[in-house]
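In what follows, a structure is listed as structure tokens, so that the remarks can point back to it.
The values are calculated or read from the model by the stated rules, or taken from the named source; none is laboratory data. What you see is a predicted model, and the numbers here were worked out from it, not measured in a lab. Cβ coordinates were reconstructed from backbone atoms using ideal geometry, including for glycine residues, and neighbour counts include every protein chain displayed. Surface accessibility is based on the protein's heavy atoms, side chains included, excluding ligands, DNA and RNA. Shrake-Rupley method; radii C 1.70, N 1.55, O 1.52, S 1.80 Å.
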Amino acid sequence: MPNALVVHHDANSDPGIVGRHLVASGWTLRQHTVCSRLGDPTHDKPFPSLDDIDLLLLLGSRWSVYDTDAIGDWIADEFDLVRNADDRGIRTWGICFGAQVIAAAFGGSIEKSPSPEIGWQSVRSDHPAISAGPWFQWHGDRVVLPADATVLAT
């Protein structure tokens, strides 16, 4: 049975439909909560080992990666976790803040978007596994990808 390490960034995050789909598909979810108190960015335990992990799933957060005053210094440890997963060939999936973490860990950046995207949006992709949507979005930031990243959808 494959194992997924699910990283929650605050006390109210939940893997939701993604987690339910993984469990229904035979995955075991191992949970790690970065900030155990709602609104408190204190991370008081190290990230777990990636031994026996087949998927790293990074969930969303109320913060942005660039808001280091709010999130504290633990973000550097999460960047290391993501790069370690990549070195080991572990698939990594980031949702919202999790996608920001992945991009920033590999040299991309996150910036305030000129206008927020809230609601159902169309997505453009030539990749056969990515449908045009509509996809629900709720964010005010955008990712500037690392130079060597492959864009799958916009």
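Here are the numbers for this structure:
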{"quantity": "Normalised convex hull volume, the chain, alpha-carbon set, Å³ per residue", "calculated": "128"}
{"quantity": "Label-point gap, in nm, between A132 and V23 - each point 7 angstrom along Cα→Cβ", "calculated": "3.5"}
{"quantity": "Over 16 Å [Cα-Cα, region 55-121], rounded percent", "calculated": "48"}
{"quantity": "Given 14 as the ceiling on other Cβ atoms within 10 Å, longest exposed-site-free region of the chain for trypsin sites (Lys or Arg not before Pro) in DSSP loops", "calculated": "38-123"}
{"quantity": "Cα-projected label distance for D148 with A70, points at 7 Å along beta-carbon direction, nm", "calculated": "3.2"}
{"quantity": "Probe 1.4 Å, all protein chains present, accessible-area order of C96, C35, largest first", "calculated": "C96, C35"}
{"quantity": "Full-stretch length increase - S49, W93 - with 0.36 nm per residue and alpha-carbon distance subtracted", "calculated": "14.1 nm"}
{"quantity": "Considering only the chain, percent of DSSP beta bridges that pair antiparallel, nearest 5", "calculated": "40"}
{"quantity": "Accessible area of T150 in the full protein assembly, 1.4 Å probe (Å², nearest 10)", "calculated": "110"}
{"quantity": "Sulfur and carbon atoms: percent of accessible area, the chain [1.4 Å]", "calculated": "53"}
{"quantity": "Taking N as its residue count, the alpha carbon Rg of region 73-154 over 2.2 N^0.38 Å", "calculated": "1.17"}
